[in-house]
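Okay, so here's the structure we're looking at.
The values are calculated or read from the model by the stated rules, or taken from the named source; none is laboratory data. Bear in mind the structure is a predicted one, so any value in this text is a computation, not a measurement. Neighbour counts are summed over all protein chains in view; Cβ atoms, including those assigned to glycine, are modelled from backbone coordinates with ideal geometry. For accessibility, only protein heavy atoms count, side chains too; no ligands or nucleic acids. Shrake-Rupley method; radii C 1.70, N 1.55, O 1.52, S 1.80 Å.
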Amino acid sequence: MNFETMHSSTVLGRRMRSRREMLEWSQEKVGVQIGIDESASRARISRYELGTHEPPVKTARLIARALGVPLAYLYCEDDETAALLLQLENLPQPQRRMMLASWRAEIEDAICATTLMDNAQ
């Protein structure tokens, strides 16, 4: 991430900008993709990225769809979890369901093991 991206004031703004730059899209392109008039799209997307304005959830959902990311990705504060959300988004639905079920079981087992160890101490 460049200096400006790192200093955006919101998680949503940083994630939007990072993904837009990854796609090599302009702010205008994102704005037009979500239905903002071309003459205002750059300014509006810039305000969202800088954190000057927070888009309504409905707009954030449109932005996420245009950028090809899950809505949760835009709001996720943890970079590793955000990267995982992107990877999951790219899996076919049946595989995604199987992986998530497996991870939930593993996490549940880990929580139980941690609780048992804590209780034994």
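Taking the listed residues 21, 4, the one that is modelled with pLDDT under 95 and either part of a helix (DSSP H, G or I) or under 15 Å from residue 62 (Cβ atoms) (or both) is 4, with no other qualifying.
Go through the stretch 80-121 and give me each residue that's open to solvent by 70 Å² or more (accessible area, probe 1.4 Å) and either under 9 Å from the mean Cα position of the chain (by Cα) or touching a residue at least 12 places away in the same chain (Cβ under 8 Å) (or both). 89, the sole residue that qualifies. Taking the criterion of being in contact (Cβ under 8 Å) with a residue 60 or more places away in the chain and of a type in the set (S, T, N, Q), no residue of the stretch 42-75 qualifies. Go through the stretch 74-106 and give me each residue that's of a type in the set (Ser, Thr, Tyr) and over 20 Å from residue 57 (Cβ atoms). Answer for the stretch 74-106, where residues must be of a type in the set (Ser, Thr, Tyr) and over 20 Å from residue 57 (Cβ atoms): just 102.
If only residues of the stretch 37-65 that are in contact with a Phe, Trp or Tyr (Cβ under 9 Å, 6 or more places away or on another chain) and not acidic (Asp, Glu) are counted, the one that is surrounded by the fewest Cβ atoms within 10 Å (Cβ to Cβ) is 59.
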